[in-house]
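S.K.: This is the structure I have questions about; it appears just below.
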Amino acid sequence: MIYGRSKVLSTQLLSASALLLLFGCSSSTTPVAEPSPEVPVEEELPPPPPEEPVSAPVLMVDLDTVRAGQYDNGKMWTFEYPPLDYFEGAYGFAPDAGWFERARLGALRIPQCSASFVSPYGLVMTNHHCARESITQASRSGESLLDDGFYATSLSEERPLQDVHADQLIAILDVTDDVYAGVDSMVDEAARAAAREESTAEIGERIADEYKSGEDSVVVEVIALWDGARYSAYVFRRYTDLRLVMAPHGQVAFFGGDPDNFTYPRYDLDMSFYRVYAENGEPLQTDYYFPWNANGVEDGDAVFVIGNPGSTSRLQTLSQLEYRRDVNDKMLVDLFASRAAALQAYYDADPEEGERLDLRNEIFSLQNSRKATFGQWEGLHDPVIMAKRRDNERRFRAAIEADPTLKESYGRSLERMAEIQAEKASWAPEFGAFLALGNPSLDAAVLQRAWTAFLYLLQRRRGTPDEQLADLRDATLAVGDQPLGLQQVLLAARFEGFRRSLGDAHPVVTGILQGRTADAAAEAILAQSALADSASTAAGLEAGTLTLEDPAIAMVSSFAQEFYNWAITSEGLQEQESEVASQLGRAHFEVYGTTFPPDATFSLRIADGVVRGYEYNGTRAPAYTTFYGMYDRHHSFGAGSDWDLPEAWLKPPAAFDLSAPLNLVITADIIGGNSGSPVVNSELQAVGLIFDGNIESLPGDYIYDSRYNRAVAVDVRGMLEALDDVYDADRLVLELTTGTMARTEAEADASRR
């Protein structure tokens, strides 16, 4: 399923500046978790099975003749550089400035996902999977809204949410010259990177001050387009009073579970509704929204997706893609798989505690990330895809070579990028071992405490004054408790990662395991370390009895130098890579201009396409699926499966139309972050809601192929059928279909009679 923007995983425990604590600098704190009782884990968690990409079929094609496609770099068009001629030629449709303004102001961005206004009274549509954490948070004692769903039958019942906001893009400013005024005079790559960061921060602060008015919350982001060839300042109005209006049962919102994730045909009601409230406590009134077209669209109709694709890598060079194939993406797949397995093992042992820790949402995110990353990695083994990217780079190189000015400025950039990738690849074992080290969701609390405690004790031994060590002490104390059983499976998973990446004979591995299994080593450390819980940690620090000989600290000490060497080198290479990518981005813009859209940056885009099925697996996927298919899957797989329907759905009312379109596929170009994006027609009427892409679309991170890439959406007709006949949500149906807001269900009932 999930095409929400993936959560960013830290690839290292601390930044380079914090790492220099080894030589006397300061540290940052670690997020706090709630304390939890111990739950024993009796069996060792097995490592995830080795997974290899599916071998590409034997091709009856000469790869030397494969050519790049016209739209390999995609169709995620920006609002500041819209392809007006292309739209008119492809669809006979020439939108004016007013059309783009309505599209921009009707769209919203929420944490990790997209959304949109769908009524003049602040009603917001997004995906259920984008709202999962909010739905869990809104549950009261004895409730599980994630499982059982929610519908506010009156305005007063709409539930306030914490830590959720919606951003509306109110202005776009070209600040390219301002950014480069402070960058182009620098020669050194590190100096250019620092100047760029300083310049964009200053510009953002200045523009935010210009746009602030009264109590309005304004956020400014300086967005790099074409890897920095152009810069735009995006000015957002931020809404912070959001309330939950409706969420369906979790089982129908994630119908088919992980097996159906990133597949089609689908039968998924992945929708939820919020409402934005104004400062006076009343629903926000807005002129900019996407009214629903209850008639939907037909096969072959043109549609547009307006949302915030998270990130793509279509400007990456062939050497960067080869590094991903051989190192980066492969190891990410291993990481996601191992942590999902660890958390699932703990959850299965104690579901009640797992619910308290919200592990279902963590597992959900990790399984989604694993499947998405595996699909990308698999595509990097496809010889035709790589041949197309090779031809694209050949043409780009030839254009640079043919222009003396470009050749002088950028003639060595592709070679320099390849050199950086080769150096990164030489650190592959360390990358795999230390990937996301210290991430609070992926590593045990004892490891997080042990790292900062190790630095604290090391600096204290070197004579650093106590006042200079306060940050390290506070960081150690700030790590919240995890149940011992959860720590054990997470620590064992980290040790298995060391073994797989560094090898059985590596000193770090032999020193930690000492002939034991990863699970046994984790259990022993937790049993003997004062850092296994926050109380004994605080007592040890207070009494001065915590030493470098503590088993957990000794464990960190065994790999600290190798981690430091890798992290410092990695950060330096990343700075160099960013600067070379910026050079290549400017060269690309010099050669192609705005012919191709820039890579996605979790900023607002508009993607065009048509409603269209496709061939797959020796058969054909239809443009639409219906509720008939949902019930067929339910009865085919049976109770207890990923296709088991909730009780409320087993006997729908007689008026329920099983033939109503439930999901549809379109050729629009999307990626993670587009979840929750509205699908609209040329009249800016909502006809669908993006929630996923098909399995064939996963290589879309670095290449777009309209023959097989499909965006999967919930059809408005299916949503209305469910809202009206299963959930009896008259108040919501009335607002969506007429733009009239009723404060109570009784008022809506009366209006609809």
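S.K.: When you look at Arg192, is it in a helix (DSSP H, G or I) and either modelled with pLDDT of 95 or more or open to solvent by less than 70 Å² (accessible area, probe 1.4 Å) (or both), yes or no?
M.R.: Taking the combined requirement at face value, the residue satisfies it.
S.K.: Just to check your reading of the model, which residue among Val222, Val245 is of a type in the set (A, V, I, L, M), open to solvent by less than 50 Å² (accessible area, probe 1.4 Å), under 30 Å from Phe589 (Cα atoms) and part of a strand (DSSP E or B)?
M.R.: Criteria check complete, one pass: Val222.
S.K.: Which condition breaks for Ala166 when tested against (1) under 30 Å from Leu225 (Cα atoms); (2) surrounded by fewer than 19 Cβ atoms within 10 Å (Cβ to Cβ)?
M.R.: (2)
S.K.: When only residues in segment 225-242 that are outside any strand (DSSP E or B) and more than 30 Å from Arg586 (Cα to Cα) count, which is least open to solvent (accessible area, probe 1.4 Å)?
M.R.: Asp241
S.K.: Going through segment 298-329 one residue at a time, which ones are part of a loop (DSSP other than H, G, I, E, B) and either within 29 Å of the chain's Cα centre (by Cα) or closer than 30 Å to Arg586 by Cα (or both)?
M.R.: Asn308, Pro309, Gly310, Ser311, Thr312, Ser313, Arg314, Leu315, Gln316, Thr317 - these are the residues of segment 298-329 that are part of a loop (DSSP other than H, G, I, E, B) and either within 29 Å of the chain's Cα centre (by Cα) or closer than 30 Å to Arg586 by Cα (or both).
S.K.: While we're on this one: Just to be sure I understand, how many residues within segment 280-315 are over 23 Å from Pro120 (Cβ atoms), polar (S, T, N, Q) and surrounded by fewer than 21 Cβ atoms within 10 Å (Cβ to Cβ)?
M.R.: Adding up the residues that qualify gives 2.
S.K.: Since Ala527 meets every condition but one in (1) within 30 Å of the chain's Cα centre (by Cα); (2) aliphatic (A, V, I, L, M); (3) open to solvent by 60 Å² or more (accessible area, probe 1.4 Å), which condition does it not meet?
M.R.: (1)
S.K.: Checking the condition without any contact (Cβ under 8 Å) to a residue 24 or more places away in the chain and on the phi < 0 side of the Ramachandran plot, which residue from Arg620, Arg612, Arg633 passes?
M.R.: On the way: Arg612 fails: without any contact (Cβ under 8 Å) to a residue 24 or more places away in the chain; Arg633 fails: without any contact (Cβ under 8 Å) to a residue 24 or more places away in the chain.
Arg620 is the lone residue from the list that is without any contact (Cβ under 8 Å) to a residue 24 or more places away in the chain and on the phi < 0 side of the Ramachandran plot.
S.K.: To continue, here is another question. Could you say whether any residue in segment 369-376 is surrounded by fewer than 19 Cβ atoms within 10 Å (Cβ to Cβ) and touching a residue at least 24 places away in the same chain (Cβ under 8 Å)?
M.R.: No - not one qualifying residue is present in segment 369-376.
S.K.: Take the residues in segment 529-543 that are of a type outside the set (A, V, I, L, M, F, W, C) and in a helix (DSSP H, G or I), then tell me which one is nearest to Asp443 (Cα to Cα).
M.R.: By that ranking, first place goes to Ser534.
S.K.: Would you check which residues across segment 708-740 are more than 21 Å from Gly307 (Cβ to Cβ), open to solvent by 10 Å² or more (accessible area, probe 1.4 Å) and charged (D, E, K, R) and list them?
M.R.: Passing the criteria: Glu721, Asp724, Asp725, Asp728, Asp730.
S.K.: Any idea which of Glu215, Glu198 is modelled with pLDDT under 95, charged (D, E, K, R) and either touching a Gly at 6+ places or on another chain (Cβ under 7 Å) or over 28 Å from Gln162 (Cβ atoms) (or both)?
M.R.: Only one candidate passes the filter, namely Glu198.
S.K.: Return the total of residues in segment 89-142 being open to solvent by 10 Å² or more (accessible area, probe 1.4 Å) and either among the basic types (Lys, Arg) or closer than 13 Å to Tyr289 by Cα (or both).
M.R.: So the answer is 11.
S.K.: Given the criteria modelled with pLDDT of 95 or more, surrounded by fewer than 23 Cβ atoms within 10 Å (Cβ to Cβ), over 21 Å from Met331 (Cα atoms) and basic (Lys, Arg), does Arg499 qualify? Even if it seems obvious, please write down each step before you answer.
M.R.: Values: modelled with pLDDT of 95 or more: yes; surrounded by fewer than 23 Cβ atoms within 10 Å (Cβ to Cβ): yes; over 21 Å from Met331 (Cα atoms): no; basic (Lys, Arg): yes.
Here the answer is no, as Arg499 does not meet what is asked.
S.K.: Right, next: Could you please let me know if Val175 is out of contact with any His (no Cβ under 7 Å at 6 or more places or on another chain) and under 29 Å from Val219 (Cβ atoms)?
M.R.: yes
S.K.: Something else: When the residues of segment 150-186 are filtered to those that are small (Gly, Ala, Ser) and assigned to a strand (DSSP E or B), which remaining residue is farthest from Gly250 (Cα to Cα)?
M.R.: Ala171
S.K.: Would you point out the residue of segment 119-135, among those that are modelled with pLDDT of 95 or more and in contact with an Asp or Glu (Cβ under 8 Å, 6 or more places away or on another chain), that is farthest from Asp147 (Cα to Cα)?
M.R.: Filtering segment 119-135 for residues that are modelled with pLDDT of 95 or more and in contact with an Asp or Glu (Cβ under 8 Å, 6 or more places away or on another chain), the one farthest from Asp147 (Cα to Cα) comes out as Pro120.
S.K.: Pairs, please: C-beta under 8 Å, at least 6 apart or cross-chain, first residue under 14 Å from Leu155 (Cα atoms) and in segment 279-290, second among the aromatic types (Phe, Trp, Tyr)?
M.R.: Matching pairs, first to second residue: Pro283/Tyr121; Pro283/Tyr277; Leu284/Tyr121; Leu284/Tyr239; Leu284/Tyr277.
S.K.: Please verify whether segment 341-349 includes one or more residues that are surrounded by 23 or more Cβ atoms within 10 Å (Cβ to Cβ), of a type outside the set (S, T, N, Q) and in contact with a strand residue (DSSP E or B) (Cβ under 9 Å, 6 or more places away or on another chain).
M.R.: Going through segment 341-349, the residues surrounded by 23 or more Cβ atoms within 10 Å (Cβ to Cβ) turn out to be 342-343, 346.
Imposing the further condition that a residue be of a type outside the set (S, T, N, Q) reduces the set to 342-343, 346.
Narrowing further to those that are in contact with a strand residue (DSSP E or B) (Cβ under 9 Å, 6 or more places away or on another chain): none.
No, there is no match, as no residue in segment 341-349 is surrounded by 23 or more Cβ atoms within 10 Å (Cβ to Cβ), of a type outside the set (S, T, N, Q) and in contact with a strand residue (DSSP E or B) (Cβ under 9 Å, 6 or more places away or on another chain).
S.K.: Any idea which of Asp334, Asp348 is touching a residue at least 24 places away in the same chain (Cβ under 8 Å) and either assigned to a helix (DSSP H, G or I) or among the acidic types (Asp, Glu) (or both)?
M.R.: Details: Asp348 fails: touching a residue at least 24 places away in the same chain (Cβ under 8 Å).
Among Asp334, Asp348, only Asp334 is touching a residue at least 24 places away in the same chain (Cβ under 8 Å) and either assigned to a helix (DSSP H, G or I) or among the acidic types (Asp, Glu) (or both).
The values are calculated or read from the model by the stated rules, or taken from the named source; none is laboratory data. In this text, all values refer to a predicted model and were calculated from it rather than measured experimentally. Ideal geometry is used to build each Cβ from the backbone, glycine not excepted, and the neighbour counts take in all protein chains shown. All accessible areas refer to the heavy atoms of the entire protein, side chains included, with ligands and DNA or RNA removed. Shrake-Rupley method; radii C 1.70, N 1.55, O 1.52, S 1.80 Å.
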